[in-house]
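Q: Sending over a structure as structure tokens; questions will come in a sec.
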Amino acid sequence: MKIVHVASYNYLKDGQSYYATDYKIHQGLVRNGHFVYPFSYRDTARCATLFGSKKWGAGKTNKRLIETCRNIRPDLLLMAHAELITLETLCEIRKMLPSIKIAMWFIDAMFNERNVINIEGKIAEIDALFLTTGGEWLERFTSPTTKVAFFPNIVDPSIDVYRNFEQSDLPIDFLFCGTDYKDPVRQAFLSSLSEQLSGLNTRFAGCLGQPRIFGAEYMQTLSQARMGLNYSRRNDVELYSSDRIAHLTGNGVLTFTPRIPGYEALYKEDEIVYFDDLDDLVSKIRYYHGHPDEGASIAKRGWERSQKYFENSYVTQRFLDVIYNAMTSEEYD
């Protein structure tokens, strides 16, 4: 098929986020044999104005997307977030290409109302919607004309290339890369965690006053970590996690995560380490620090799970199966 993929891509950041889900989905579709045209909608908007404003460049972006579809005549228009793309643009594209399918994927949290408003503003023209959030947050978007399905945070075997569970001399005992959002509760949790892990070689990036890291520096840091923390802004939403969990498990890092509702359907107890609270987390980190072989076995099983079932060509094929009725969203594992 010919696919136009409307995503961030972040070309203007010079490869800073080459491991982003945008690229993983793009490459998964290509590996499945499809032509995929990248439409970087935010960069297109920024380049359309003198001052690099997404807001003021949105109109030009919509016009250029219509022209792109006119020139390529894709079978599928696949969008990621696409908050700058309007319902009117989708209607115009469907009018021009009556047989086209329009689908959308979304990895940001649905408890952010702006994301809900964005989707609801387009849902009338969306044939299939894929979210990394489950339960009622997913079901609210179901309609007679729109199929919805959960999808996991994905890995790419050409990006997530490390097998840390095979290494015995990793310099970082425990890693957390993620912002604290200036949230007092989150800051207190991470600060206390850092203090209680004294004696271990820890690395915190993007929080506790430490700068964020990107690109090859980020991936190199991942490659040096034995254990890592998956900790999203909220951990009580069914099946929702940031894509951090795919970065960790996909590179063979022993991954610790809160008990996210429903998450045992994705990772079993012997594939990642679930914790109940801060004391439980600290206790388990120290245990596996002292029992590295046990930790490596869990990390290996988590890596195998991610690389098999959450691999990008596997997941994107499931996208297409749902979009083209090869399987229903209820059958989607």
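Q: Could you work out the helix-only [θ] at 222 nm for the chain, with each DSSP H run of four or more residues adding -39,500 (n - 2.57) and the total divided by the number of residues, to the nearest 500 deg cm²/dmol?
A: Only helices count here, giving -12000 deg cm²/dmol.
Q: Cβ under 15 Å from residue 301's Cβ, residue 301 left aside: what net charge do those residues give with Lys, Arg +1 and Asp, Glu -1?
A: Neighbourhood net charge equals -3.
Q: Oh, and also: What ³J(HN,Hα) values, in whole Hz, does the Karplus curve 6.51 cos²θ - 1.76 cosθ + 1.60 give for the stretch 189-195 when θ = phi - 60°, with x put for Gly and Pro?
A: 4, 5, 5, 5, 4, 4, 5
Q: If I fit a long axis through the Cα atoms of helix 87-96 and take the longest principal axis of the Cα atoms of the chain, what angle between them do I get, 0 to 90°, rounded to 10?
A: The angle comes out at about 50 degrees.
Q: In the neighborhood of residue 143, defined by Cβ-to-Cβ distances under 13 Å, what is the net charge if each Lys or Arg adds +1 and each Asp or Glu adds -1?
A: -1
Q: Here's something else I'd like to know. GNM on the chain, C-alpha springs below 10 Å: top fluctuator among 314, 11, 23?
A: 11
Q: In whole percent, what relative contact order does the chain give with Cα contacts below 8 Å and a gap of six or more residues?
A: Result for the chain is 17 percent.
Q: Something else now. Which whole-number percent gives the relative contact order of the stretch 1-142, counting Cα pairs below 8 Å spaced six or more residues apart?
A: 22
Q: Let me ask something else. Report Rg (one decimal) and Dmax (nearest whole number) for the chain, counting Cα atoms only, units Å.
A: 20.5, 64
Q: Under a 1.4 Å probe, what is the accessible area of the chain per residue, stated in Å²?
A: Spelled out: the 1.4 Å probe surface of the chain, per residue, equals 45 Å².
Q: Sticking with this one: Roughly how far apart, in whole Å, are the Cα centres of the stretch 173-187 and the stretch 214-293?
A: Going from one Cα centre to the other spans 13 Å.
Q: What percentage of the solvent-accessible surface of the chain, computed with a 1.4 Å probe over protein heavy atoms, is contributed by carbon and sulfur atoms?
A: The computed percentage sits at 49.
Q: Angle between the Cα long axis of helix 278-290 and the longest principal axis of the chain, 0 to 90 degrees, nearest 10?
A: 70
Q: Any idea what the relative contact order of the stretch 230-275 is, in percent, if you count C-alpha pairs under 8 Å spaced at least 6 apart?
A: 40
Q: Hey, what do the phi angles of the stretch 247-256 turn into as Karplus ³J(HN,Hα) couplings, whole Hz, using 6.51/-1.76/1.60 and θ = phi - 60°, x for Gly and Pro?
A: 4, 6, 5, x, 10, x, 7, 5, 9, 9
Q: With a bin width of 5 angstrom, please list the P(r) values of the stretch 133-205 as percents of all Cα-Cα pairs, from the 0 bin to the one holding the largest distance.
A: Reading upward from the zero bin: 3, 11, 13, 12, 12, 15, 14, 9, 6, 3, 1, 0.
Q: Taking the Cα centre of the chain as origin, sum charge times position over the Cβ atoms of Lys and Arg (+1) and Asp and Glu (-1), and report the length of that vector in debye to the nearest 20.
A: Roughly 1480 debye for the chain.
Q: Right, next: What are the ³J(HN,Hα) couplings of the stretch 63-69, residue after residue, when phi is run through the Karplus curve with 6.51, -1.76, 1.60 and θ = phi - 60°? Round to Hz, x for glycine and proline.
A: Values, residue by residue: 5, 6, 5, 4, 5, 4, 5 Hz.
Q: Quick check: the distance between the Cα centres of the stretch 93-149 and the stretch 15-74, to the nearest angstrom?
A: Cα centres, the stretch 93-149 to the stretch 15-74: 18 Å.
Q: With a 1.4 Å probe and all protein chains kept in place, how do 47, 177, 69 rank by accessible area, largest first?
A: So the residues, ranked largest to smallest area, are 47, 177, 69.
The values are calculated or read from the model by the stated rules, or taken from the named source; none is laboratory data. Model, not experiment: these values are computed from the prediction. Don't worry about glycine lacking a Cβ; one is built from the backbone with ideal geometry, like all the others, and counts go over all protein chains shown. In case anyone asks, the SASA skips ligands and DNA or RNA and just uses the protein heavy atoms, side chains included. Shrake-Rupley method; radii C 1.70, N 1.55, O 1.52, S 1.80 Å.
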